[in-house]
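Heads up, the thing below is written out as structure tokens.
Nothing in this text is a laboratory measurement; each read-out follows from the coordinates by a stated rule. Since this is a predicted model, take the numbers as computed values, not measurements. Positions of Cβ are backbone-derived with ideal geometry, glycine not excepted, and every protein chain shown enters the neighbour counts.
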Amino acid sequence: MSKKTTLVWLVLVVMLMTIMPNAYAHAYLDPGSGSLIIQLVVAGLLGLAVAGRLFWTNILVFLRLKERVELDDIDEDDE
């Protein structure tokens, strides 16, 4: 098995173990826990937005919707 396949299986097993229900859990979510979950979701979405803004040109180049501009191609004004 290649390292990539092993890593995929490891991630899959860990994800399945984290979502498996536990019949003996006596969990309680108070309002503080709910607000923490909402903050995590909002922070994650804002983080994705910032990362998308930072790498937008690279994403467009990867999707071949825009050509890469090299620094040598930019004309400078001679003074």
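Brief remarks on what is shown
- Debye intensity ratio I(q)/I(0), log10, segment 3-73, q values 0.24 Å⁻¹ (C-alpha model): -1.03
- DSSP loop chymotrypsin sites (Phe, Trp or Tyr not before Pro) with at most 13 other Cβ within 10 Å excluded, longest remaining stretch of the chain: 29-54
- Along segment 49-55 the Karplus relation, 6.51 cos²θ - 1.76 cosθ + 1.60 evaluated at θ = phi - 60°, assigns HN-Hα couplings of 5, 5, 5, x, 5, 5, 10 Hz to successive residues, with x for each Gly and Pro.
- Calculated [θ] (222 nm, deg cm²/dmol) that DSSP helices of n ≥ 4 give over the chain, each run adding -39,500 (n - 2.57): -20000 deg cm²/dmol
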